[in-house]
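Asks: A single structure is presented below for examination.
The values are calculated or read from the model by the stated rules, or taken from the named source; none is laboratory data. Keep in mind that what you see is a predicted model, and the values were worked out from it rather than measured. Cβ placement follows ideal geometry from the backbone for every residue including glycine, while neighbour counts extend to all protein chains displayed. Ligands, DNA and RNA are excluded from the accessible area calculation, which covers all protein heavy atoms including side chains. Shrake-Rupley method; radii C 1.70, N 1.55, O 1.52, S 1.80 Å.
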Amino acid sequence: MDDPDASALVKAALQHDDEAARELVRQLYPLVAKLVRAYRFRRTSEEDLTQMIFIKVFQKLSQFSGKVPLEHWVSRIAVNTCLNQIESEKVRPELRQADLSEEEQAVVENLAVSSEELAPDKRFASRQLVEHLLAALKPAERLVIDLLYLQGRSVAEIKKMTGWSEPLVKIRAFRARHKMKQQLAKISSKEQL
Amino acid sequence: MSDSDDKIERLLRSAALAGEDIPAAPPFGFETRLVALWRSGPGKPNGMANLLRRVALLSAAVTLITAVAAFREVRQSREIGESFSNEFAIADSAIQSEFGR
């Protein structure tokens, strides 16, 4: 979304132009939906949460100064709303061998025996395996892994989206990766038994 | 790069290529519902909400005043009771000294 476009839409929405407000929702929806998905909520419906975020965005719309891109401003509201909401979902199940499908177990085996890139037909299973590994992480760690590795965003970009400092983004990513490696190693060792 | 680093890197790269089924557009009617909610939301409280808020404030004030008044009333009656008991004690000692003679 171009910034002049975004500013014009914001201005029009604030002046009771409902079509402009709806257009803002349509343009920002993929961004907010991706961020909500990045947290992997177990109990809260993603659509309810997306709606909650947009309501907050609109309630605070008059505070948008235009000094930062609208997408970054909305991202921060989304990140904070998700973090507050996910507080009630603190239980983090540890990944067990039995939780993995046959395809996922094949991916674990493949990673152990070969140093080559995973074959294209293993992508879906590897995604499922990553989802399982992410479920055992803290919400902020889940978000950082999703943004950094699955969405391919840079540290600088994540900093702008979340409001976290660059060292904090790196530390969270490092810790999250470390936990994922430990989980994967644990599963791999059981796999080889 | 260690072996475990390499494994997780390859796994994440493969997972990233799988893509996600995130819809590019909101569900049907989502934006209309949202804008309607915003326009009628708590940013502009309606008459009923204002009335309820005022009634709640007034009730709290009345409760506070009643509590203070009740407290003062209790203190006053206790003081009166104490003065009565003093008078009785004086009368008792006067009677005893009279009979003692």
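Asks: If you go through the range A:13-30 one residue at a time, do you hit one that is surrounded by 14 or more Cβ atoms within 10 Å (Cβ to Cβ) and at positive phi?
Replies: No, the range A:13-30 contains no residue that is surrounded by 14 or more Cβ atoms within 10 Å (Cβ to Cβ) and at positive phi.
Asks: Right, next: Name the one entry in A:Arg96, A:Arg43 that is surrounded by fewer than 17 Cβ atoms within 10 Å (Cβ to Cβ), in contact with a Ser or Thr (Cβ under 9 Å, 6 or more places away or on another chain) and away from chain B (no Cβ under 14 Å).
Replies: A:Arg43 is the lone residue from the list that is surrounded by fewer than 17 Cβ atoms within 10 Å (Cβ to Cβ), in contact with a Ser or Thr (Cβ under 9 Å, 6 or more places away or on another chain) and away from chain B (no Cβ under 14 Å).
Asks: I need every pair where a residue in the range A:62-74 that is small (Gly, Ala, Ser) has its Cβ under 8 Å from the Cβ of a residue that is open to solvent by 50 Å² or more (accessible area, probe 1.4 Å), sequence separation at least 6 or different chains.
Replies: A:Ser62/A:Leu14; A:Gly66/A:Asp3; A:Gly66/A:Ser7
Asks: Let me ask something else. Sort out which residues of the range B:3-28 are among the hydrophobic types (A, V, I, L, M, F, W, C) and within 7 Å of chain A (Cβ to nearest Cβ), and write them in order of number. Let's see the steps before the verdict.
Replies: Step one: list which residues in the range B:3-28 are among the hydrophobic types (A, V, I, L, M, F, W, C), which gives B:8, B:11-12, B:15-18, B:22, B:24-25, B:28.
B:Ile8, B:Leu11, B:Leu12, B:Ala15, B:Ala16, B:Leu17, B:Ala18, B:Ile22, B:Ala24, B:Ala25, listed by residue number.
Asks: May I pose another question? Can you work out which of the residues in the range A:78-88 that are at pLDDT 90 or above and surrounded by 18 or more Cβ atoms within 10 Å (Cβ to Cβ) is farthest from the other protein chains (Cβ to nearest Cβ)?
Replies: From the range A:78-88, those at pLDDT 90 or above are A:78-82; that's our starting set.
Restricting the remaining residues to those that are surrounded by 18 or more Cβ atoms within 10 Å (Cβ to Cβ) gives A:78-79, A:81-82.
Working: A:Ala78: 14, A:Val79: 16, A:Thr81: 14, A:Cys82: 15 Å.
The selected residue is A:Val79.
Asks: Report yes if A:Leu35 is in contact (Cβ under 8 Å) with a residue 24 or more places away in the chain and either crowded, with 21+ Cβ neighbours inside 10 Å or of a type in the set (Ser, Thr, Tyr) (or both), otherwise no.
Replies: yes
Asks: Here's a follow-up. Quick one: A:Thr81 ticks every box in (1) under 30 Å from A:Ala8 (Cα atoms); (2) in contact with a Lys or Arg (Cβ under 9 Å, 6 or more places away or on another chain); (3) touching a residue at least 40 places away in the same chain (Cβ under 8 Å) except a single one, so which number is it?
Replies: If we test A:Thr81 against (1) under 30 Å from A:Ala8 (Cα atoms); (2) in contact with a Lys or Arg (Cβ under 9 Å, 6 or more places away or on another chain); (3) touching a residue at least 40 places away in the same chain (Cβ under 8 Å), just (3) comes out false.
One line per residue, one yes/no per condition, for (1) of a type in the set (Phe, Trp, Tyr); (2) closer than 23 Å to A:Arg37 by Cβ; (3) modelled with pLDDT under 90:
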{"residue": "A:Leu100", "(1), (2), (3)": "no, yes, yes"}
{"residue": "A:Glu103", "(1), (2), (3)": "no, yes, no"}
{"residue": "A:Ala112", "(1), (2), (3)": "no, no, yes"}
{"residue": "A:Pro120", "(1), (2), (3)": "no, yes, no"}
{"residue": "A:Val130", "(1), (2), (3)": "no, yes, no"}
{"residue": "A:Glu157", "(1), (2), (3)": "no, yes, no"}
{"residue": "A:Ser165", "(1), (2), (3)": "no, no, no"}
{"residue": "A:Gln182", "(1), (2), (3)": "no, no, no"}
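Asks: Name every residue in the range A:1-36 that is under 25 Å from A:Leu148 (Cβ atoms) and modelled with pLDDT of 90 or more, in order of residue number.
Replies: If the condition is that a residue be under 25 Å from A:Leu148 (Cβ atoms) and modelled with pLDDT of 90 or more, then A:Gln27, A:Leu28, A:Tyr29, A:Pro30, A:Leu31, A:Val32, A:Ala33, A:Lys34, A:Leu35, A:Val36 are the ones that fit.
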